[in-house]
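Structure first, commentary second.
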Amino acid sequence: MGLDKKYSELKDDVLVKAAKKGDTAAFEELVSRHRDKVYARLLTIVKNEDVAIDLAQEVWIKTWQRLKQFQGDSTFATWITRIAINIGLDYLRKQKRRKIESIEEQIEESGGIERQMPIETVNPTQGLEREELRARIDRAMKQLSDEHRTVLVLHEFEGLEYKEIAKLMKCSVGTVMSRLFYARKRLAHLLAGLKREWF
Amino acid sequence: MMTLEQQLKIQAYVDGELSRAEAKKVEALIAADPEARGLYEELKFAATVLREHEPEFKMPVSQELFWNRIYEQIKQSEPEPIPVLDYLKYLVGVVFSRKNWVPVTATFIASVGIFLLKDVIKPIEDYLVVVETPSDEVGSYSFRAQSEKMFVLWIYNKENVGGEGATKVEPTNIEDEILMQ
């Protein structure tokens, strides 16, 4: 079969098989297909465009190096998203270690800096366009702490269960539940106007 | 006032993480307690609004530029080729290529033949003749056949080569040779 020039018509698993044999053109097609998803996931975790681009590059290089480990138990998209999440979380951990004081501890103990952030208000009489709504949610998400934002991303966007999140974030299920609870409360508070329109 | 445990139970109910029995208890609590009901709606809203409106981002770098960066890194991270291994691979390729099957097979058969016949063909060194010259007057020839465990030593008077004075000593075995030396 000629893999030659019709990579765009091939399914992910065929491209992965070819890439495992060293076909960089097949791998390039995989990068082209999934790079936005990887970048988006990293951006929601690290909140910084330049960092997200650099980390995305790291994700793809690691993916190439580990390609032989991919057995096809999940889809390629799921597999690479997990790699991206792990790299994003590692980055946050390193950043946190560099901080003299842990902002997160203050948030967990005192109720949080996030309460001081501006609240996204919406005019209930004005219908929200889908893109605008997304932009508001994005702004609200950026106001959350790293841990709160990440737990929401993993639960709501990736659809992971508590115990899977606990494993990825290297914490207990109780901590995941607690973080998720406060993250949602903060988000609901930040999107208070939207909530009134919602119900 | 609800406890944190009750609040987390309501959240677990929203997320479908409770058993059926626990879920029924939470449903009862939500139905009976306006505060529980309010929390349920708040958590449900936060979960739903995110799931249904995940922000979409496009990478602000062209595919070509992004791929070039990745490709360079991939090439740099690959181990240097080992010349010896490459050469061995080349040799294996040559030996087992279809066009070479006649000479390769012939060489193989010849090798097997030599191996099988090596005990039949007597080694050449068994027939080496050693010429010894103990003195100016006396000469000698020796002959050894290892496979027969035989050693023959011929001593003669150099002045009377082929004459009556020649002395013949034969045969002796290999142990005798050692003793004689």
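Which semi-axes, in whole Å and largest first, does the equivalent ellipsoid of the range B:34-92 have when worked out from the alpha carbon gyration tensor as the square roots of 5 times its eigenvalues? Kindly include the intermediate steps, with their values, before the conclusion.
Numbers: eigenvalues 645, 67, 14 Å².
Computed over the range B:34-92, the values are 57, 18, 8 Å.
Evaluating kT/(6 pi eta Rh) at 25 °C and 0.890 mPa s, with the Kirkwood radius of the range B:1-42 over Cα pairs in the Stokes-Einstein relation, gives 246 µm² s⁻¹. Among the residues of A:174-181, the average count of other protein chain beta-carbon atoms within 10 Å of the residue beta-carbon is 4. Residues A:148, A:34, ranked from the fewest to the most other C-beta atoms within 10 Å, line up as A:34, A:148.
Taking the Cβ of each residue in B:112, A:153 as the centre, tally the other Cβ atoms inside 10 Å and list the residues starting with the fewest. Numbers along the way, then the final one.
Details: B:112 10, A:153 23.
The fewest-first ordering by Cβ neighbours comes to B:112, A:153.
Both radii are taken from the alpha-carbon atoms of the range A:149-199; with Rh as the Kirkwood radius, Rg/Rh is 1.06. Overall dimensions of the range A:1-92, expressed as equivalent-ellipsoid semi-axes from the Cα gyration tensor (√(5λ), whole Å, largest first), are 25, 13, 10.
All C-alpha to C-alpha distances of the range A:24-70, sorted into 5 Å bins beginning at zero, yield P(r) values of 5, 23, 29, 23, 14, 6, 0 percent in whole numbers.
Sorting A:160, A:191 by the number of Cβ atoms found within 10 Å of their own Cβ, with the fewest placed first, yields A:160, A:191. The string of couplings for the range A:11-28 from the Karplus curve (6.51, -1.76, 1.60, θ = phi - 60°) is 6, 4, 5, 5, 5, 4, 4, 5, 5, 4, 8, x, 7, 6, 5, 5, 5, 4 Hz, one whole number per residue in order, with x for Gly and Pro. Once Rg and the Kirkwood radius are both taken over the C-alpha atoms of the range A:4-52, their ratio Rg/Rh works out to 1.12.
Every read-out reported here was derived from the displayed coordinates using simple, explicitly stated rules and does not represent laboratory data. These numbers were taken from a predicted model, which means no experiment stands behind them. FYI the Cβ positions are ideal-geometry reconstructions off the backbone, even for glycines, and counts take in every protein chain you see.
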